[in-house]
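Trainee: Right, I'll just put the structure down here and ask away after.
The values are calculated or read from the model by the stated rules, or taken from the named source; none is laboratory data. Just so we're clear, the structure is a prediction, and the values are computed from it rather than from any experiment. Cβ sites come from the backbone with ideal geometry, for glycine too, and all protein chains shown count toward neighbours.
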């Protein structure tokens, strides 16, 4: 199953902040029923887009060594819910904390200049007790971040371009 | 207001926000897990928010010394040994471990944390500044 809820990163500063865009298209299957003849992007999938933007930022910040899952949404407020095909959403995640056991980001969604939603996401970094559980098939996580353009726009803490590990082999 | 009363008031605010509890439910001796209903992800958020409010850094290890679990001297069959309990008490001098000692299962360790423990950690951090 495809679970791509951002189209690509437009800005990626390792461990600090990330921006990604998502274009809502009429071809998304769920919009046929949400709602019939009145397609509206579900808020839950907008939240998933925010979680992917922030979660992948934390994955990269921890060298892809952690299993990172969205654990809690302490705050999230939508100011606009009428998000329709053709809209381009910009997701922003700003890292507040990145620790061994978890991370927290301030997130927001904009449509052009308009603020659509903003809030806070908390991620759990699962430990050794989850060693046997595979979150991504081998290579899938790297394929995903490559597809999202993390290595096209990403910079490290010194502002140098992020290196795609596949090119170092 | 004495310093630790101020610290308590701020921590109370954080807990009310994170756990959606009433302010009067948050007492010094309330345990975070059993009395206030915190789950492990809440503890993470609470630590982040306390750090932000007081501009301090808290290691989770200072509140939940999980490194003990990896040492066979201190932890066997998922339970802390008498030596482990002794080290735990030394790491959490303010914690009341009596109830935990009856069944010192690793998964129960976060249950011993009280509001008082959070206040004590913040107080000692602020003193070090």
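Trainee: Confirm whether residue A:126 is surrounded by 14 or more Cβ atoms within 10 Å (Cβ to Cβ), in contact with a strand residue (DSSP E or B) (Cβ under 9 Å, 6 or more places away or on another chain) and over 20 Å from residue A:8 (Cα atoms).
Mentor: In short, yes.
Trainee: Quick check on this structure: which one of A:76, A:144 is more than 14 Å from chain B (Cβ to nearest Cβ) and out of contact with any helix residue (DSSP H, G or I) (no Cβ under 6 Å at 6 or more places or on another chain)?
Mentor: Only one candidate qualifies: A:144.
Trainee: Moving on to the next point. Which residue, of B:44, B:113, B:118, is under 17 Å from residue B:11 (Cα atoms) and within 13 Å of chain A (Cβ to nearest Cβ)?
Mentor: Selected residue: B:44, the only one of B:44, B:113, B:118 that is under 17 Å from residue B:11 (Cα atoms) and within 13 Å of chain A (Cβ to nearest Cβ).
Trainee: Where residues in the stretch A:102-118 are over 16 Å from residue A:15 (Cβ atoms) and free of Cβ contacts under 8 Å to residues at least 60 places away in the same chain, which of them is farthest from the other protein chains (Cβ to nearest Cβ)?
Mentor: First, pick out the residues of the stretch A:102-118 that are over 16 Å from residue A:15 (Cβ atoms): A:108-118.
Now restrict to residues that are free of Cβ contacts under 8 Å to residues at least 60 places away in the same chain: A:108, A:110-115, A:118.
Details: A:108: 18, A:110: 24, A:111: 28, A:112: 31, A:113: 29, A:114: 27, A:115: 22, A:118: 16 Å.
Here the residue is A:112.
Trainee: While we're on this one: Could you check how many residues of the stretch A:22-57 are within 23 Å of residue A:71 (Cα to Cα) and in a strand (DSSP E or B)?
Mentor: Total meeting the criteria: 1.
Trainee: What do you reckon, is residue A:131 over 15 Å from the mean Cα position of the chain (by Cα), under 30 Å from residue B:62 (Cβ atoms) and at pLDDT below 95?
Mentor: yes
Trainee: Is it true that residue B:51 is facing chain A (nearest Cβ under 10 Å), under 29 Å from residue B:104 (Cβ atoms) and at pLDDT 95 or above?
Mentor: Taking the combined requirement at face value, the residue satisfies it.
Trainee: OK, next. Does residue B:19 satisfy the condition of being closer than 25 Å to residue A:106 by Cα, surrounded by 14 or more Cβ atoms within 10 Å (Cβ to Cβ), within 14 Å of chain A (Cβ to nearest Cβ) and under 13 Å from the mean Cα position of the chain (by Cα)?
Mentor: No; evaluated as a whole, the condition is false for this residue.
Trainee: While we're looking at this one, here's another question. Kindly indicate which of A:70, A:89 is in a strand (DSSP E or B), over 17 Å from residue A:24 (Cα atoms) and under 17 Å from the mean Cα position of the chain (by Cα).
Mentor: Details: A:89 fails: over 17 Å from residue A:24 (Cα atoms).
The unique qualifying residue is A:70.
Trainee: Can you find, within the stretch A:129-153, the residue that is surrounded by the fewest Cβ atoms within 10 Å (Cβ to Cβ) among those that are touching a residue at least 24 places away in the same chain (Cβ under 8 Å) and assigned to a loop (DSSP other than H, G, I, E, B)?
Mentor: Per the stated criteria, the residue is A:133.
Trainee: Moving on. Which ones in the stretch A:87-101 are in contact (Cβ under 8 Å) with a residue 60 or more places away in the chain and within 11 Å of chain B (Cβ to nearest Cβ)?
Mentor: The answer is A:98, and nothing else.
Trainee: Identify the residue in the stretch A:58-67 that is assigned to a loop (DSSP other than H, G, I, E, B) and touching a residue at least 24 places away in the same chain (Cβ under 8 Å) and, among all such residues, is surrounded by the most Cβ atoms within 10 Å (Cβ to Cβ).
Mentor: A:66
Trainee: Would you say residue B:36 is more than 13 Å from every other protein chain (Cβ to nearest Cβ) and closer than 24 Å to residue A:96 by Cβ?
Mentor: Taking the combined requirement at face value, the residue satisfies it.
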